[in-house]
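Okay, structure first, notes after.
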Amino acid sequence: MGLNLLEALSDNIVIDMDKCVFCSICVNTCILDNLRMKLAPCRQACPLGVNCQGYVQLIARGEERKAMEILRQDLPFPEILGRICSHPCEEKCHRKGQEGEAVAIRHLKRYIADQFTGEKIPLPEILPDTGKSIAIIGSGPAGMMAAYDLRTHGHRVTIFDSEKEPGGMLRWAIPDFRLPQSVLDREMGLLIEMDVSFQCGVAIGKNKSMEALKNEFDAVIVAAGCPGHGILHIDGEENQGVYHGLPFLKLVRGGKALEVGKKVVVIGGGNVAVDSAQTALRLGAEEVTMVTLESNNELPAFPEAIKSAAAEGINFQYSWGNPKLNFSDGQLIGIDFQRCVQVFDNCGCFAPDFDDCELHYIDAQTVIIAIGQQADRAFLESSGLTQNFKMAIDPLTLQSKNEKIFAAGDIHTGPSSVIHALASGREAAESVNRFLNAEHLRFGRKYPGPIETEFDIDTSKGSADKRIIIDEHRSKGKGDFQEIELPVSQEAARMEAKRCYSCGQPFGKFRTCWFCLPCEVECPNDALEVKIPYLLR
């Protein structure tokens, strides 16, 4: 039955929600700027703008291969992120706001990636060679993403790294039980297949100068991360039996057989501390205790990592600090702590305050100090690229005072998550590509696109099932570095995906449709129909 003209003007864009993958092609195709995308909260929260809603709905429909295609459009490293993403998408999931249990988006990402591990990773479309070359300092997540994006634009990319193998913190700081090296090697291999060049064992400022890079390349991206570790500056910190988090993890990841005592204390409450504690168990420690400045509800580590560590028997001692190491005949025997009554001051600045009348002693033969990360900017200072001990860059374009040099990732932001580092690498690549093409670096960067972020959400679509519980492997002791999180079955993944409310969708906002049909014609899934009134046919 034909619609009358008034109905057509108000509701003539019909979306089949069982076919739509929320790709925004129709919205971007609309000639009269009538269509808008109600952007799902999960997608709003993702630093990379990954189409979470799209791939989750495709899993629910049993279309995993298509889900993988959607995922790879925005994320070239899904196997890595499926394991270690900080999943800000889940924090904003409308289902979490309604009942406290978000859809397990990260685990569904891992599920999709696991379905195709036996297949060769498809190469993206790469534009013809531009003749331009870019140097990237650092092969961690920010450098990886910048290299991927710039290579797709047809530029030649060379990544320099001071370590013997690429991967940055992904390789040297994240344990095998959280991110297997085989997974990292497989997805790093995509960059090699794309003809990205790697020069490992080259420390900029030592083996090669910044000035040489500027002369040799058309642009440089500094993505060196925060590989340095925090120091307490206490007596005995350099003695036998005392390790620091990042160097400790790097030695283990590199295959060195470290010896730890039966009783190990880890000082710190972040992810490096948790990883160090669980690593100590796998090196043969019988009792591991994490001592944190923060209270139990203030720990900076990921909640799932804390839960996993507790399940393996790691003890937590909250709100203690200002440690004093005790030695006997050069061997560590224990640590004295004072009660921490406040971690931050009234202005929110880090300023721990201790009660020296409330003391706590812990026996220990080994202590691992994991209290933060630092960037190494020494190689930048001689080039005049730092200001107040930080790299001076434009926060929008990530361009430095030298127009050829850009920054990406933790060296600019300080320690962050892998997903945020990837997003920063993408922003830097966008700026470099514009710079090389003599385009305006700032134009349109703050425009979010034809989207709506505030709208009512229909909660009737998602199933009433409880969130999936992920099976985990428990350490069997010394030498057991098997991956902790186990794969999700097809049945469980599809059930979990069906919990999604499928919040977003395209719609006609301004009632300016002229029935010109590009949106309908260009939809790759036959999910949109433009209703044309009978009298206008």
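The values are calculated or read from the model by the stated rules, or taken from the named source; none is laboratory data. Nothing here was measured: the structure is a model prediction, and the numbers come from that model. Cβ atoms come from the backbone with ideal geometry, glycine included; neighbour counts cover every protein chain shown. With ligands, DNA and RNA removed, areas are computed over all heavy atoms of the protein, side chains included. Shrake-Rupley method; radii C 1.70, N 1.55, O 1.52, S 1.80 Å.
Side notes on the structure shown:
- Counting only protein heavy atoms and a 1.4 Å probe, the range 403-489 has 57 square angstrom of accessible area per residue.
- Anchor Lys509: lysines whose Cα lies under 25 Å away (excluding residues fewer than 8 positions away in-chain): Lys19, Lys38, Lys92, Lys446, Lys461, Lys531
- Per residue Cα convex hull volume in Å³ - calculated over the range 235-387: 151 Å³
- Share of pairwise Cα-Cα distances greater than 19 Å in the range 190-304 is 62 percent (whole percent).
- Under 16 Å of direct C-alpha separation, and excluding same-chain neighbours fewer than eight residues apart, Lys466 reaches these lysines: Lys96, Lys498.
- Potential extension, Asn437-Asp345 segment - 0.36 nm per residue separation minus Cα distance: 28.4 nm
- Using a probe radius of 1.4 angstrom, the carbon and sulfur fraction of the accessible surface of the chain is 49%.
- Efficiency of FRET between Gln482 and Asp33 - r from beta-carbon atoms, R0 60 angstrom, step 0.05: 0.65
- For Asn402 and Ile532, a Förster radius of 51 Å and the Cβ-Cβ distance give a FRET efficiency of 0.35, rounded to the nearest 0.05.
- Loop-resident sites, the range 353-435, for chymotrypsin sites (Phe, Trp or Tyr not before Pro), counting at most 11 other Cβ within 10 Å (DSSP): Phe389
- Ranked from largest, the principal axis spans of the Cα set of the range 426-470 equal 53, 31, 11 Å.
- The chain: relative contact order as a whole-number percent, Cα under 8 Å and 6+ apart: 25 percent
- Virtual spin-label span in nm between Lys96 and Thr512, 7 Å along Cα→Cβ: 3.6 nm
- Binned Cα-Cα distances of the chain, short to long, each 10 Å bin given as a whole percent: 3, 16, 24, 25, 18, 9, 3, 1, 0, 0
- Computed over protein heavy atoms with a 1.4 Å probe, the accessible surface of the range 1-131 works out to 42 Å² per residue.
- Taking all protein chains together and a 1.4 Å probe, the residues Arg339, Arg474 rank Arg474, Arg339 from largest to smallest accessible area.
- Candidate residues Leu127, Leu422: accessible-area rank, largest first, probe 1.4 Å: Leu127, Leu422
- Relative to its Kirkwood radius, the Cα radius of gyration of the range 57-118 gives an Rg/Rh of 0.99.
- A DSSP coil position with no more than 11 other Cβ atoms inside 10 Å describes the following trypsin sites (Lys or Arg not before Pro) in the range 116-169: Lys120, Lys164.
- Check: the chain dipole with +1 on Lys, Arg Cβ and -1 on Asp, Glu Cβ, in debye: 960 debye
- Out-of-range pairs (alpha-carbon distance over 22 Å; input Lys164/Lys263; Lys120/Lys476; Lys132/Lys404; Lys250/Lys404; Lys132/Lys214): Lys164/Lys263; Lys120/Lys476; Lys250/Lys404
- Per residue, the accessible area of the range 332-388 comes to 56 Å², computed with a 1.4 Å probe over protein heavy atoms only.
- Ratio of Rg to Rh for the range 54-201: 1.01 [Cα atoms; Kirkwood radius as inverse mean 1/r over pairs].
- Counted as membrane-span-like here are DSSP H helices of the chain whose alpha-carbon atoms extend 20 Å or more along the helix's own axis and whose Kyte-Doolittle mean is 0.0 or above; these are 418-436.
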